[in-house]
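Everything below concerns the one structure shown next.
Just so it is clear, none of the values below were taken in a lab; they were calculated from the coordinates. The model shown is predicted, which means the values in this text are computed figures rather than measured ones. We place every Cβ from the backbone using ideal geometry, glycine too, and count neighbours over all the protein chains shown.
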Amino acid sequence: AFVVGENCIKCKYTDCVEVCPVDCFYEGPNFLVIHPDECIDCALCEPECPANAIFSEDEVPEDQQEFIELNAVLADVWDNITEKKDSLPDADEWDGVKGKLEHLER
Ligand code: SF4
Ligand code: F3S
């Protein structure tokens, strides 16, 4: 499955959800996740993310390995999102900031 990584936090551009053929994105207050059991590995979402936050499961950076489990856990409790909406207000300022996991709202 594909995995949403740390740089989505506090950005949430949502361009990714528009291209997913199986609608497997789930939305929290300031982060999105992919349901690992629903993702068909089509790879369409990866280039759509302006924050480069999406990775194939086997290409998730070493320091973001915990996001694999995080996507699985949160996809079960958050609501499905299938249409693009406005990004978070300070998305461009937060794009690329390190250590955003501490800001994850759930
Ligand atoms: Fe959806 Fe394809 Fe991205 Fe998986 S890889 S989340 S199926 S767009
Ligand atoms: Fe997040 Fe990128 Fe989608 S910032 S909401 S993974 S387009």
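Rounded to the nearest 500, the 222 nm mean residue ellipticity of the chain from helices alone is -4000 deg cm²/dmol, with -39,500 (n - 2.57) taken per DSSP H run of at least 4 residues.
Taking 4.7 Å between C-beta atoms as the pairing limit, the chain has these partnerless cysteines: C8, C11, C20, C24, C39, C42, C49. What would the Debye formula give as log10 I(q)/I(0) at q = 0.10, 0.12 Å⁻¹ for the alpha-carbon point model of the chain, no solvent? The computed values of log10 I(q)/I(0) come out as -0.22, -0.32.
The modelled label-to-label distance for the pair K98/D76, using points 7 Å beyond Cα in the direction of Cβ, is 3.3 nm.
Listed values for the range 61-67 are Karplus-derived 3J(HN,Hα) couplings in whole Hz (6.51 cos²θ - 1.76 cosθ + 1.60, θ = phi - 60°), namely x, 3, 7, 10, 4, 5, 6, and x replaces Gly and Pro. Here's the picture: charge each Lys and Arg Cβ at +1 and each Asp and Glu Cβ at -1 in the chain, and of V19, N30, P89 the one pushed furthest to the positive end of that dipole is P89.
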